[in-house]
Amino acid sequence: MSLKTFTREEVKRHASEDDLWIIIDTSVYDMSRFIDLHPGGAYPILEFAGKDATDAFYGLHRQEVLVKYQRYKIGTIVNEKPQIDFYQPGDLSKVPYAESSAWMGFKSPFYTESHKKFRIAVRKITDSLAVEAREFEDAGTKPSDEFMQKLGEHHLLAANIGPGPWLHGLVLPGDLKGEDFDYFHEMILHEEFARWKVRGFDDGVVGGMVISVPTVLNFGSPQLKQKIIPDVFAGKKRICLAITEPYTGSDVARIRTTATRTADGKYFIVNGVKKWITGGCWADYFSVAVQTGKGISMLLIERSEGVETKLIKTSYSPSAGTAYVTFENVKVPVENLLGKENKGLLVVLSNFNHERWVMLTGASMAARLVIEECLKWANQRQVFGKRLIDQPVIRHKLAKMIANLESVHNWVENLTYQMNNMDYNEQSDKLAGPIALCKYHITRVLHDISDDACQIFGGRAITKTGMGRTIETLQRTYKFSSILGGSEEILADLGVRQALKKFPTGARL
């Protein structure tokens, strides 16, 4: 049904509690039936009865509220064009620095038309799932099987693991052939997932999978891969990595979980505990580091008798499924060995570069989303008769935030380019140090951006809903990036030690 048009004079005549219209931008809304339902009470609406409430609305509400309550829109103002851009699913943002420079009209040596088509196609998919993702995050519940399988249908779970033969023969969003998928496509994918702005739920969806699936793909037997991987990539089963224990974090060599062979040599009996296991509560399979007498081994353990998981409460959503996992006399077939017995440390270390790089891509986008929110808020928020953006101190904070982000993002793009042009062995030799240092740096950048964003948003920055929720999410969760995958201190030291390995013997001042 087509909407009616009204003059502003007509709207003014609907200014009573029983007959109450307001204008937002050029749209007319009948608030008569909504006034008693308004969470903020009747007064804020009555104050603007028959008037233009645009500035007041955007001072209190996000644009998505208008989408949610679209049913109250009855018409538009005649002969007036909308002044405010409405975000449409799949759109690129027009706000400066809300997208990386390659997507804002700058030239780039990295991205092709294939990458642009892939981003737009993926964004349409992720935007269509954003409300559902937020609902799971807020409720703190398990990402549903239906949600996971929607991602599986588009091959987005498999693509999270990176370029490889598991994608060959598939067609990904944007008509991208799996054989042509590269690390810049993967970078785009992680960025688009981060745009859900639900850090806990995002980890519950792919966090555990990204770090555990490679142990099976690269070290599992053909039979084990055939049993596990198709269902995981289809979203029908879930998997996590179980290495960290209450006794040890980064010191992997000191884990205490044991695996002892049975007398007939056909099984391992596993006993021990694991802690802070991302996705563990939701997992059907666990890739587990164990002590096997003469060293560490890796086993693929199916959820079965003797396996128990308990939710650990953290500062982000329970949707992450962060778990305390116990193994009590769990019987595991020797065929579930990943790699060679007593050589499991190689399996553990094999995916660290990729894992940390994935965290870089998500952290960069998290910072970018906060900067976009700060730019929007500073332009619309009125304080002491001026917009926030008119205050030099606010512009200085934004300048620091933007400069920090753009510098570290360029580093991430350079590392991604190296990954695209190096084989695995060369990556292992040359990139472990730079990726470690970049991760150390980006979490320091997140700290500073979060701090400045909180000052820009004030009280809203510590409120989980409404205008400042993106800021609140970052300030509550950025520490996950600085601890998971190797803490700042460990990675800073690793980066320098890797550099010293290549330090020329004869170098002197």
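The values are calculated or read from the model by the stated rules, or taken from the named source; none is laboratory data. Treat the numbers as computed from the prediction; the structure is a model and nothing was measured. Note that we place each Cβ from the backbone using ideal geometry, even for glycine, and neighbour counts take in every protein chain shown. Ligands, DNA and RNA are stripped out before the accessible areas are found, and what is left, the full protein with its side chains, is counted by its heavy atoms. Shrake-Rupley method; radii C 1.70, N 1.55, O 1.52, S 1.80 Å.
Miscellaneous remarks
- Stokes-Einstein diffusion of the stretch 416-509 at 10 °C, 1.306 mPa s viscosity, Kirkwood radius from Cα pairs, rounded to a whole number: 102 µm²/s.
- Solvent-accessible area of Asp55 with every protein chain in place, 1.4 Å probe, in Å² to the nearest 10: 130
- Span from the the stretch 242-276 Cα centroid across to the the stretch 351-370 one, whole angstrom: 29
- Among [x] 170; [y] 181; [z] 146, the entry that matches volume of the Cα convex hull per residue in Å³ as calculated here: [y]
- Averaging Cα coordinates gives a centre for the stretch 3-67 and one for the stretch 387-429; these two points are 42 Å apart.
- Hydrophobic long helices, here whole DSSP H runs in the chain with Kyte-Doolittle means of at least -1.0 and Cα atoms spread over 27 Å or more along the helix axis, are found at 113-139, 352-380, 392-420, 432-457.
- Within the accessible surface of the chain, defined with a 1.4 Å probe on protein heavy atoms only, the carbon and sulfur portion equals 53 percent.
- Cα centre as origin, Lys/Arg/Asp/Glu Cβ charges: the chain dipole, Debye: 980
- Spatially close lysines, pair count over the stretch 220-361: Cα under 14 Å, gap of eight or more or interchain: 9
- Relative contact order (percent, whole number), the stretch 27-105, Cα cutoff 8 Å, 6+ residue spacing: 39
- Excluding same-chain neighbours fewer than eight residues apart, the lysines reachable from Lys124 by a Cα-Cα span under 18 Å are Lys94, Lys116, Lys150, Lys197.
- Normalised per residue, the accessible area of the stretch 343-419 is 41 Å², obtained with a 1.4 Å probe and no contribution from ligands, DNA or RNA.
- In a DSSP loop and with at most 10 other Cβ atoms within 10 Å, the chymotrypsin sites (Phe, Trp or Tyr not before Pro) in the stretch 79-174 are Phe106.
- Sum of side-chain charges, Tyr72 neighbourhood, beta-carbon under 11 Å (Lys, Arg +1; Asp, Glu -1): +3
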